[in-house]
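Asks: This is the structure, below, for whatever I ask next.
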Amino acid sequence: MDAKISQMNKIIFLFFALFTVTSCFNDGDYEKLKGEWVCASWFAESDGKDMCNDNVHFTFKMDKTYSSQFNTTKEAGTFYLVGNVLYVTPNGKTEFGVEIKRLDTDTMTILMNRSGSAETLVLVKK
């Protein structure tokens with residue numbers, strides 16, 4: 001009997017943990033995310049050089065699709081939020097996640113890791 005109660009407690013704990021993580025972002029956060037975003041700054045921790053050059057654009061839609069452009073490279077796919085992580089799946093490519101440090105109606109700060117180098121991307125709503 002104690003083993004069944006213990007197992008039930010673990011299941012309840014996991015359910016609430018999952019609920020807590022997935023509820024960190026809600027429909028209001030998707031509402032904040034939707035729209036066109038442009039790069040305000042993009043710095044790699046390793047060299048401090050701004051990589052923005054007004055060449056980074058994202059568009060997020062409420063149907064959880066996105067499009068992006070970096071220089072001449074265009075991409076589109078799907079996305080979703082779990083906790084403070086934005087997961088994107090470019091069409092025909094593998095899903096990956098980036099940490100959203102800040103998400104307001106007009107500013108989003110994303111923390112990324114590219115080849116072991118920490119980067120911070122700040123986007124503003126167009």
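Asks: Please arrange Tyr66, Tyr80 by how many other C-beta atoms lie within 10 Å of their C-beta, fewest to most.
Replies: Tyr80, Tyr66
Asks: Quick one: 3J(HN,Hα) in Hz for the stretch 92-108, Karplus 6.51/-1.76/1.60 with θ = phi - 60°, rounded, Gly and Pro as x.
Replies: For the stretch 92-108, the Karplus curve yields x, 10, 8, 5, 8, x, 10, 7, 8, 7, 8, 9, 10, 5, 10, 9, 9 Hz.
Asks: Let me ask something else. Can you give the net charge of the other residues whose Cβ lies under 15 Å from the Cβ of His57, counting K and R as +1 and D and E as -1?
Replies: +2
Readers should treat all values here as calculations from the given coordinates under stated rules, not as data from a laboratory. If you're wondering where the values come from, they're calculated on a predicted model, not measured in any experiment. So basically every Cβ, Gly included, is an ideal-geometry build from the backbone, and we count neighbours across all protein chains shown.
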